[in-house]
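In what follows, a single structure is set out as structure tokens and then discussed.
The values are calculated or read from the model by the stated rules, or taken from the named source; none is laboratory data. What you see is a predicted model; the values in this text were computed from it and never measured. A quick note on method: Cβ atoms are made from the backbone with ideal geometry, for glycine too, and the neighbour counts reach across all protein chains shown. All accessible areas refer to the heavy atoms of the entire protein, side chains included, with ligands and DNA or RNA removed. Shrake-Rupley method; radii C 1.70, N 1.55, O 1.52, S 1.80 Å.
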Amino acid sequence: MDFDAMFTAQLDTLRDEGNYRIFAELERECGTFPRARSHDDDAPERVTVWCSNDYLAMGHNEVVRQAMKDAVDACGTGAGGTRNISGTARHHVALEAELADLHGKEAALLFTSGYVSNWAALSTLGSRLPDAVILSDALNHASMIEGMRHARCQKVIWKHNDPEDLDRKLAALPANAPKIVAFESVYSMDGDISPMEEIIEVAEKHGAMTYLDEVHAVGLYGPRGGGVSEERGLAHRIDLIEGTLGKAYGCMGGYITGSHALCDFIRSFASGFIFTTALPPAVAAAAQASIAHLKQSDSERQQQRRQVAKLRAKLDARGIPHLDNPSHIIPVMIKDPVKCRQIADILMRDYGIYVQPINYPTVPKGTERLRFTPGPLHSDADIDHLVDALSVLWKQCAIAHAVA
Ligand SMILES: *Cc1c(COP(=O)(O)O)cnc(C)c1O
């Protein structure tokens with residue numbers, strides 16, 4: 001069997017569709033973010049990163065870096081084991097307490113990534129609760145979809161952000177089946193935010209558990225960075241809040257928060273928690289420093305919001321169409337995978353602007369886009385440079401302007 005030929009055939013199809021992924025090789029440099037050194041031949045040596053999920057540049061924050069360095073010097077690099085077998089450090093325990101407090105919950109549980117936390121928590125809930133049904137928003141993240149698939153319980157997909165459809169679908173299920181309503185706060189590709197209160201009300205009416213992914217909101221929304229559920233005063237009505245330490249907190253790892261019983265249940269039964277080495281204590285220490293900082297400092301969030309509003313206004317002024325949403329994510333729609341890649345290539349090569357084209361399967365075919373995430377460290381000049389470049393390309397590539 002020629003396995004390589006089989007691999008290559010599928011890769012060729014991907015290339016023909018314009019969906020083959022090419023990574024930009026970058027070296028982030030502390031003190032110059034959002035600038036980064038590029039190691040690609042056809043890019044300038046220094047580029048400006050416009051698509052980072054290190055939304056508030058906390059990965060370069062002095063306090064966070066120091067916390068990581070101190071912990072490495074104090075207790076070394078790796079955790080040395082799974083949480084059960086010698087791998088639990090005081091840093092993990094302290095971080096879980098910090099997270100429980102962030103969301104006003106009794107307990108928290110750490111995972112090696114947000115992906116793993118969704119996968120492990122949903123698969124354990126769905127497989128361990130007899131006759132469980134998971135009701136999933138149609139646009140939920142791949143990590144939740146994989147978790148539900150692995151749960152092998154009944155799944156019901158409800159229309160994106162549509163509490164009425166959720167209500168109908170819940171009503172059609174047996175009254176005594178345990179039901180779990182899984183959804184997100186900020187959806188990362190369209191940047192829209194769910195109607196959280198309405199969803200909670202519907203779930204409460206049917207006695208369903210609520211499972212909320214706040215990955216793109218933690219650190220960014222709410223007076224202490226507790227996410228949209230904190231901003232809207234709804235955290236206490238959500239049963240499980242899931243988040244990441246890898247995006248706005250600038251580190252790595254994922255977590256769930258909820259009641260003692262819920263977290264103990266996942267801790268005790270989730271394969272993706274039990275059979276893997278714990279996060280390095282230094283990562284836990286840095287994440288805790290980052291969360292603690294953003295609990296008491298609002299200036300990063302405010303500056304980010306100002307820059308997001310400026311970019312939106314300037315795109316509008318030039319008639320460059322972007323999805324209207326209430327979040328920090330600005331998707332500029334290209335709607336063609338080849339054009340999307342071409343524009344991103346030109347932005348990088350001629351303007352030193354790095355934005356990754358977002359193509360299928362991350363988004364549906366025909367909705368290809370450039371997804372900009374302005375942060376507190378993008379200057380007004382950075383924004384002007386970006387909008388000028390896009391204006392030129394819009395003419396060159398004959399992309400439709402927004403109808404005024
Ligand atoms: C990125 C992402 C995750 C996974 O988080 P990681 O920490 O990067 O693994 C989960 N949910 C959503 C909605 C995401 O965008």
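Taken over the range 249-262, residues that are away from the ligand (no atom under 11 Å from the Cβ) and crowded, with 24+ Cβ neighbours inside 10 Å amount to 4. In this entry, R267 is excluded by the filter for residues that are within 22 Å of the chain's Cα centre (by Cα) and either over 30 Å from L390 (Cα atoms) or at pLDDT 95 or above (or both). Of everything listed in (1) within 14 Å of the ligand (Cβ to nearest atom); (2) part of a helix (DSSP H, G or I); (3) open to solvent by 60 Å² or more (accessible area, probe 1.4 Å), the single unmet condition for A97 is (1). Pairs meeting the criteria (first residue in the range 213-230 and over 27 Å from L135 (Cα atoms) and more than 12 Å from the ligand (Cβ to nearest atom), second residue of a type in the set (D, E, K, R) and part of a loop (DSSP other than H, G, I, E, B), beta carbons under 6 Å, at least 6 apart or on different chains) are lacking. Here T82 does not qualify as open to solvent by 50 Å² or more (accessible area, probe 1.4 Å) and away from the ligand (no atom under 16 Å from the Cβ).
Selection of the range 325-343 for residues being modelled with pLDDT under 95 and of a type outside the set (V, I, T) yields M333, K335, D336, P337, K339, C340, R341, Q342.
Of all residues in the range 126-141, exactly one satisfies the criterion of being in a loop (DSSP other than H, G, I, E, B), over 14 Å from Y211 (Cα atoms) and in contact with a Lys or Arg (Cβ under 8 Å, 6 or more places away or on another chain), namely A138. Per the conditions (1) in contact (Cβ under 8 Å) with a residue 40 or more places away in the chain; (2) open to solvent by 70 Å² or more (accessible area, probe 1.4 Å); (3) assigned to a loop (DSSP other than H, G, I, E, B), the sole criterion not satisfied by P44 is (2). Inside the range 188-212, residues that are open to solvent by 10 Å² or more (accessible area, probe 1.4 Å) and either hydrophobic (A, V, I, L, M, F, W, C) or within 16 Å of the ligand (Cβ to nearest atom) (or both) make up a count of 8.
Taking the criterion of being in contact with a helix residue (DSSP H, G or I) (Cβ under 7 Å, 6 or more places away or on another chain), open to solvent by 10 Å² or more (accessible area, probe 1.4 Å) and farther than 18 Å from S117 by Cβ, the residues of the range 130-160 that qualify are R152, C153, K155, V156, K159. Within the set S117, S123, S136, S143, the sole residue that is more than 12 Å from the ligand (Cβ to nearest atom), touching a residue at least 12 places away in the same chain (Cβ under 8 Å), farther than 22 Å from R232 by Cα and hydroxyl-bearing (S, T, Y) turns out to be S123. Here R267 meets each of (1) away from the ligand (no atom under 15 Å from the Cβ); (2) of a type in the set (K, R); (3) assigned to a loop (DSSP other than H, G, I, E, B) with one exception, condition (3).
Residue check: is G243 away from the ligand (no atom under 12 Å from the Cβ), at pLDDT 95 or above and open to solvent by less than 10 Å² (accessible area, probe 1.4 Å)? Answer is no for this residue. The set of residues from the range 316-332 being touching a Phe, Trp or Tyr at 6+ places or on another chain (Cβ under 9 Å), surrounded by fewer than 17 Cβ atoms within 10 Å (Cβ to Cβ) and over 19 Å from V392 (Cβ atoms) comprises just one member, N325. Being touching a helix residue (DSSP H, G or I) at 6+ places or on another chain (Cβ under 7 Å) and surrounded by fewer than 19 Cβ atoms within 10 Å (Cβ to Cβ) holds for only one residue in C51, C75, and it is C75. Scanning the range 279-315 for residues being open to solvent by less than 10 Å² (accessible area, probe 1.4 Å) and within 21 Å of L245 (Cα to Cα) gives a total of 10.
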